[in-house]
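The values are calculated or read from the model by the stated rules, or taken from the named source; none is laboratory data. Please read these numbers as outputs of a predicted model, since none were measured by experiment. With ideal geometry, Cβ positions are generated from the backbone for all residues, glycine too; neighbour counts draw on all protein chains shown.
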Amino acid sequence: MNTEELLRLFEESGDEFLSGEAVSRELEVSRTAVWKQIRKLEEAGFVFEASRKRGYRLISKPDLLTEESIAAHLQTREFGRRLLLMDKVDSTQNIAAQLAEQGTEEGTLVLAEQQLSGRGRMGRGWVSPYGKGLWMSLVLRPPLPVSSAPQLTLLTAVALCRALRLQTGLDIGIKWPNDLLHEGKKLSGILLESAAEDERIRHIVAGVGISVNLAEGDYPDELLERAASLRIAAGRTFDRALIAGAFLNEWESLYKVYLAEGFAPVKLLWEALSVSLHRKIAISTPQGVIQGTPIGLHESGALQVELEDGTITALFSAEMGEPVRS
């Protein structure tokens, strides 16, 4: 039995249920084999309704991305114009890094239907099931010193937040430095990795994972308390190609402003969208845990935190904890 034969039966049945017994008889396989094949299809993004008495029926097929569907929403000159659209990969970040080392042009985008070993900040894994999110890495070649890299991380978060707020209507905010949250739950992951030479950036690979149409069942139970998708947050599904195009448009536009005018416009936008400021919190730093109140960004991109004794410190690397109760 192959998936094409099984899908043909379900498509021919329309809205009618097919019993496992009927399918197994038609395809001359066991009912267990039918169940296993349906499970594989579900992992690939097909949605079935199951009934003990009536069997199964096909509810929806995966909305797979195409170069044409993404290009239809692009208004960029560079970002996404060279597109490598892939099926299943270990990590788009690794592929984009290889292309960057080989000299690919700025704006080259690697986008996959599924990542098998997606990673986030500090080596954390990232849930990226087939056909339900946007798992991408973009090559950047800014003519800037290495010290500017943190600013580009913040810029990416601002561009993504602005695009998602516009496309979804959700009240999404940024948790320092680049986590996008809705009602306290994380919607996306951003990871920028840079290569340098003589203290100048040679290239940056900007990895972005957006949880678009994931259902609650796509997450491990332990993540549901702190992670969500656009679908879960809004109660509806979204056109992934439209989301991708809107983000790339916003990203390139803000990137050009940044190269022309510096970090100041990005700083103002980030602070306006942030959910991390003006609340006393515990912050884990490489030197230990401190308590303080984030008050804004330094012009370098560091987070400025007012400590309990009134002094202000700048942090480039830290994990923000929960608000501290007085």
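General observations
- Looking across the stretch 194-221 at every residue that is among the acidic types (Asp, Glu) and not in a strand (DSSP E or B), the one that is surrounded by the most Cβ atoms within 10 Å (Cβ to Cβ) is identified as ASP218.
- Long-range neighbours under 6 Å by Cβ, at least six apart or interchain, first residue within 15 Å of PHE247 (Cα to Cα) within the stretch 126-145, second modelled with pLDDT under 95 and part of a strand (DSSP E or B): TRP135/GLN115
- Pairs where the first residue, in the stretch 231-260, is not assigned by TED's automatic domain parsing to the domain that holds PRO129 and of a type outside the set (Val, Ile, Thr) and the second is in a helix (DSSP H, G or I) and at pLDDT 95 or above, C-beta under 6 Å, 6+ apart: none
- Against the numbered list (1) over 18 Å from GLN93 (Cα atoms); (2) touching a Gly at 6+ places or on another chain (Cβ under 8 Å); (3) not basic (Lys, Arg), ILE174 comes up short only at (2).
- There is at least one residue in the stretch 162-177 that is over 13 Å from the mean Cα position of the chain (by Cα), among the β-branched types (Val, Ile, Thr), in a loop (DSSP other than H, G, I, E, B) and assigned by TED's automatic domain parsing to the domain that holds ALA234.
- Number of residues in the stretch 243-294 that are in contact with a strand residue (DSSP E or B) (Cβ under 6 Å, 6 or more places away or on another chain) and aliphatic (A, V, I, L, M) equals 9.
Each row is one residue, and each column tells you yes or no for (1) out of contact with any Pro (no Cβ under 9 Å at 6 or more places or on another chain); (2) within 30 Å of ALA72 (Cβ to Cβ).
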{"position": "LEU254", "(1), (2)": "no, yes"}
{"position": "LEU259", "(1), (2)": "no, yes"}
{"position": "ALA264", "(1), (2)": "yes, no"}
{"position": "LYS267", "(1), (2)": "yes, no"}
{"position": "ALA272", "(1), (2)": "yes, no"}
{"position": "LEU277", "(1), (2)": "no, no"}
{"position": "GLN287", "(1), (2)": "yes, no"}
{"position": "ILE290", "(1), (2)": "yes, no"}
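- So VAL305, is it surrounded by 12 or more Cβ atoms within 10 Å (Cβ to Cβ), in a helix (DSSP H, G or I) and aliphatic (A, V, I, L, M): no
- Number of residues in the stretch 1-32 that are touching a Ser or Thr at 6+ places or on another chain (Cβ under 7 Å) and not polar (S, T, N, Q): the value is 2.
- Residue in the stretch 281-296 that is buried (at least 16 other Cβ atoms within 10 Å of the Cβ), without any contact (Cβ under 8 Å) to a residue 60 or more places away in the chain and of a type outside the set (Val, Ile, Thr) present: yes
- ALA282 under 20 Å from the mean Cα position of the chain (by Cα) and more than 20 Å from GLN151 (Cβ to Cβ): no
- All conditions in (1) surrounded by 13 or more Cβ atoms within 10 Å (Cβ to Cβ); (2) under 24 Å from VAL205 (Cα atoms) hold for LEU224, with the sole exception of (2).
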